[in-house]
Number of protein chains: 2
Amino acid sequence: MSLVVIGTVAFDALETPFGKTDKIVGGAATYIGLSASYSVKPVKIVAVVGDDFPQSDILRLQEHGVDTEGLQIKAGEKSFFWSGKYSNDLNSRETLVTELNVLADFDPVLPDSYQDCKYLMLGNLSPQVQRLVIQRLVNRPKLIVMDTMNFWMDIALEELKTTIEMVDVLSINDEEARQLSGQHSLVKAAKLIMAMGPKYLIIKKGEHGALLFHKNQIFFAPALPLEEVFDPTGAGDTFAGGFIGHLAATDDISFENMKRAVIHGSAMASFCVEKFGTERLLNLTTAEIEAREQQFAELVAVQPLEAVAQS
Amino acid sequence: MSLVVIGTVAFDALETPFGKTDKIVGGAATYIGLSASYSVKPVKIVAVVGDDFPQSDILRLQEHGVDTEGLQIKAGEKSFFWSGKYSNDLNSRETLVTELNVLADFDPVLPDSYQDCKYLMLGNLSPQVQRLVIQRLVNRPKLIVMDTMNFWMDIALEELKTTIEMVDVLSINDEEARQLSGQHSLVKAAKLIMAMGPKYLIIKKGEHGALLFHKNQIFFAPALPLEEVFDPTGAGDTFAGGFIGHLAATDDISFENMKRAVIHGSAMASFCVEKFGTERLLNLTTAEIEAREQQFAELVAVQPLEAVAQS
């Protein structure tokens with residue numbers, strides 16, 4: 001049950017109210033790969049970097065069970081770089097620098113060893129590139145999960161819709177769900193988006209949790225109320241990695257198991273934001289993850305309601 | 001186990017993206033009283049109106065089990081009137097008109113028959129008036145729940161803190177919790193606010209649910225994702241009425257039962273927003289309320305997590 005992940009492997013420079021970083025390793029495929037690696041190994045990534053990307057960081061990914069055979073290293077080119085600054089309440093961020101570099105003409109080549117792909121995670125990238133990966137797999141994976149963002153809704157909506165139509169699960173945030181559907185009500189938005197193709201829709205609401213929709217069913221997973229959120233970068237990718245990692249590890253795509261996958265993804269994301277970049281994702285233990293999932297369960301746990309209305 | 005509620009009984013004129021109303025009956029004590037009446041009767045209200053307030057509306061409250069002995073009717077004066085207009089996404093509202101009228105010099109007189117008060121709900125009013133009610137009760141109630149709003153933080157912070165110190169449960173929204181504590185993190189805000197006196201804190205997050213804090217415990221109740229929110233007016237008061245109504249009916253103020261009270265309050269609030277004003281609260285059935293509570297339970301229901309991490 002091979003898990004293939006496509007996305008960016010890149011440099012980020014981050015500034016939050018709590019500090020700033022120089023160029024550190026980031027990118028959707030990095031966060032997704034590390035997060036999923038706690039559930040299943042290997043995680044086969046498809047990505048591209050320049051030869052400025054340190055070999056030591058590639059080795060670190062490999063040590064975590066990330067298969068980098070599909071990671072192209074472009075000689076004489078530079079890796080994708082993004083720099084951003086978060087607002088004081090961390091609820092918004094400003095892009096300071098975007099240098100596409102190797103990403104400008106990324107052609108996602110799939111090694112033969114990736115053709116056993118059963119679970120495919122399309123991290124945020126241009127919808128054309130995401131679609132190419134689906135097309136280059138000889139057999140359609142059992143489950144395709146897609147992440148995207150408002151940027152593609154702004155500049156490539158029709159391309160985006162063509163790709164969305166091909167996937168099983170779409171994962172976006174609340175504002176993106178509203179933009180994509182033109183509906184403010186998330187319930188109405190979900191119906192319209194599922195009518196575009198995906199059988200499942202995850203709407204991420206950041207500090208307010210996540211909703212999972214399937215047909216007429218809705219599941220809600222809270223976010224853990226955290227004393228400190230240090231750096232939100234990569235939280236959505238880490239969530240996605242935890243989500244598909246859990247599904248690939250259990251090889252069970254029932255709605256009930258998707259609920260567990262959402263909680264596992266939420267737990268992984270709650271670790272991610274505790275430190276800058278991928279730092280917190282590099283050394284988690286199984287016990288820590290299970291304890292965090294237990295906290296999620298306790299947060300909403302309540303004994304059955306008694307009848308409270310009097311006649 | 002008498003339940004006493006203080007708050008406004010008033011006229012509202014509302015405008016939402018879905019329509020507008022003429023003057024209709026509103027006010028915190030009205031919403032709280034109606035909502036609580038589905039759990040416990042009578043609900044003894046302390047409030048003031050002018051002689052412009054229709055006798056038929058007072059009778060309607062009485063029919064729902066609201067005891068109006070503490071409702072003062074001021075001859076020759078007019079009732080409190082508020083008019084507001086909601087933004088298209090219903091997330092913000094603009095006050096068009098505020099006429100204090102009888103509220104300007106409201107002296108909350110408690111009938112002798114209210115002295116058996118065991119549960120006291122202080123609906124949103126000036127903190128001085130809220131405090132007077134506590135002081136005029138011969139015996140301290142078993143539980144005092146207080147609702148307030150940012151308005152009093154802006155103009156009467158010290159008075160507000162003096163009253164907050166005297167109550168058991170404070171119910172405010174997330175922005176108010178941040179304003180009152182000066183902390184963005186709701187976990188940190190909750191600790192600081194509980195240090196001001198209340199042993200329990202409810203932070204209402206509107207469409208994102210509600211948090212209940214007590215010592216180091218946190219409970220989260222989601223809001224039901226609704227296809228249509230028609231009019232948010234009174235949702236917070238309806239929540240508070242459901243919350244204290246459940247506690248009074250069960251006479252159990254354990255943390256576990258407070259969780260159930262939060263869910264019951266959330267369910268009542270989810271009805272409130274379905275129609276203009278109090279309309280939806282006038283004719284609910286026990287079966288409808290129980291079915292709605294069941295929806296809340298199902299929204300977060302998940303089978304126990306399996307160990308998902310692999311070593």
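Matching residues to (1) under 27 Å from B:Thr250 (Cβ atoms); (2) under 17 Å from the mean Cα position of the chain (by Cα); (3) aromatic (Phe, Trp, Tyr):
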{"residue": "B:Leu3", "(1), (2), (3)": "yes, yes, no"}
{"residue": "B:Gly7", "(1), (2), (3)": "yes, yes, no"}
{"residue": "B:Ala10", "(1), (2), (3)": "no, yes, no"}
{"residue": "B:Ile45", "(1), (2), (3)": "yes, yes, no"}
{"residue": "B:Asp51", "(1), (2), (3)": "no, no, no"}
{"residue": "B:Asp67", "(1), (2), (3)": "yes, no, no"}
{"residue": "B:Tyr86", "(1), (2), (3)": "no, no, yes"}
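Are there any strands (runs of 3 or more DSSP E) wholly within region B:44-159 with 2 or more residues that are more than 18 Å from B:Val9 (Cα to Cα), and if so which? Steps first, answer last, please.
Values: elements: B:66-74, B:81-86, B:93-99, B:117-122, B:143-147.
Passing ranges, in order: B:81-86, B:93-99, B:117-122, B:143-147.
For the subset of region A:3-43 comprising residues that are within 14 Å of another protein chain (Cβ to nearest Cβ) and part of a strand (DSSP E or B), which member is modelled with the lowest pLDDT? Talk me through it step by step, then tell me what you get.
Taking region A:3-43 first, the residues within 14 Å of another protein chain (Cβ to nearest Cβ) are A:3, A:16-18, A:34-43.
Still in the running and part of a strand (DSSP E or B): A:3, A:16, A:43.
Values: A:Leu3: 98, A:Thr16: 91, A:Val43: 98.
Selected residue: A:Thr16.
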Practice problem: Could you tell me which of the residues B:Ala177, B:Ala223 is part of a loop (DSSP other than H, G, I, E, B), within 13 Å of chain A (Cβ to nearest Cβ) and within 17 Å of the chain's Cα centre (by Cα)? | Solution: B:Ala223
Quiz item: Does B:Gly19 count as on the phi > 0 side of the Ramachandran plot and either surrounded by fewer than 23 Cβ atoms within 10 Å (Cβ to Cβ) or in contact with a Pro (Cβ under 6 Å, 6 or more places away or on another chain) (or both)?
Solution: yes
Quiz item: Restricted to region B:190-210, and to residues that are buried (at least 23 other Cβ atoms within 10 Å of the Cβ) and within 10 Å of chain A (Cβ to nearest Cβ), which residue is farthest from A:Asn88 (Cα to Cα)?
Solution: B:Gly209
Self-check item: Sole exception among (1) buried (at least 24 other Cβ atoms within 10 Å of the Cβ); (2) within 10 Å of another protein chain (Cβ to nearest Cβ); (3) over 22 Å from A:Ser35 (Cβ atoms) for A:Ser185, by number
Solution: (1)
Quiz item: Quick check: is even one residue across region A:287-295 at pLDDT 95 or above, farther than 15 Å from A:Gly209 by Cβ, surrounded by 15 or more Cβ atoms within 10 Å (Cβ to Cβ) and more than 10 Å from chain B (Cβ to nearest Cβ)?
Solution: no
Quiz item: Does at least one position in region A:235-243 carry a residue that is in contact (Cβ under 8 Å) with a residue 12 or more places away in the chain, touching a Phe, Trp or Tyr at 6+ places or on another chain (Cβ under 6 Å) and over 19 Å from A:Glu176 (Cβ atoms)?
Solution: no
Quiz item: Got at least one residue in region B:174-196 being touching a residue at least 40 places away in the same chain (Cβ under 8 Å) and in contact with a strand residue (DSSP E or B) (Cβ under 8 Å, 6 or more places away or on another chain)?
Solution: no
Quiz item: Across region A:237-247, which residue is surrounded by the fewest Cβ atoms within 10 Å (Cβ to Cβ) among those that are within 12 Å of another protein chain (Cβ to nearest Cβ) and out of contact with any Leu (no Cβ under 8 Å at 6 or more places or on another chain)?
Solution: A:His246
Quiz item: A:Phe213 is checked against (1) buried (at least 21 other Cβ atoms within 10 Å of the Cβ); (2) in contact with a Ser or Thr (Cβ under 8 Å, 6 or more places away or on another chain) and fails just one. What number does that condition carry?
Solution: (2)
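May I ask you to say which residue of B:Ser2, B:Ser56, B:Ser39 is surrounded by 13 or more Cβ atoms within 10 Å (Cβ to Cβ), farther than 28 Å from B:Asp174 by Cβ and among the hydroxyl-bearing types (Ser, Thr, Tyr)? Walk me through how you get there before you give the answer.
Details: B:Ser56 fails: surrounded by 13 or more Cβ atoms within 10 Å (Cβ to Cβ); B:Ser39 fails: farther than 28 Å from B:Asp174 by Cβ.
So the residue among B:Ser2, B:Ser56, B:Ser39 that is surrounded by 13 or more Cβ atoms within 10 Å (Cβ to Cβ), farther than 28 Å from B:Asp174 by Cβ and among the hydroxyl-bearing types (Ser, Thr, Tyr) is B:Ser2.
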Quiz prompt | Cβ pairs under 6 Å, 6+ apart, first in region B:248-266 and at the interface with chain A (Cβ under 7 Å from one of its Cβ atoms), second hydroxyl-bearing (Ser, Thr, Tyr) | solution = B:Ala249/B:Ser39
Quiz item: On the given criteria, is B:Asp231 in a loop (DSSP other than H, G, I, E, B) and either without any contact (Cβ under 8 Å) to a residue 12 or more places away in the chain or in contact with a Cys (Cβ under 6 Å, 6 or more places away or on another chain) (or both)?
Solution: no
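Output the residue which, of all residues in region A:229-258 that are of a type in the set (D, E, K, R) and within 16 Å of the chain's Cα centre (by Cα), is modelled with the lowest pLDDT.
A:Asp231
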Practice problem: Could you tell me whether B:Phe276 is at pLDDT 95 or above, surrounded by fewer than 23 Cβ atoms within 10 Å (Cβ to Cβ) and more than 11 Å from chain A (Cβ to nearest Cβ)? | Solution: no
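The values are calculated or read from the model by the stated rules, or taken from the named source; none is laboratory data. All values reported here derive from a predicted model rather than from experimental measurement. Using ideal geometry, Cβ is built from the backbone for each residue, glycine included, and neighbour counts are taken over all protein chains shown.
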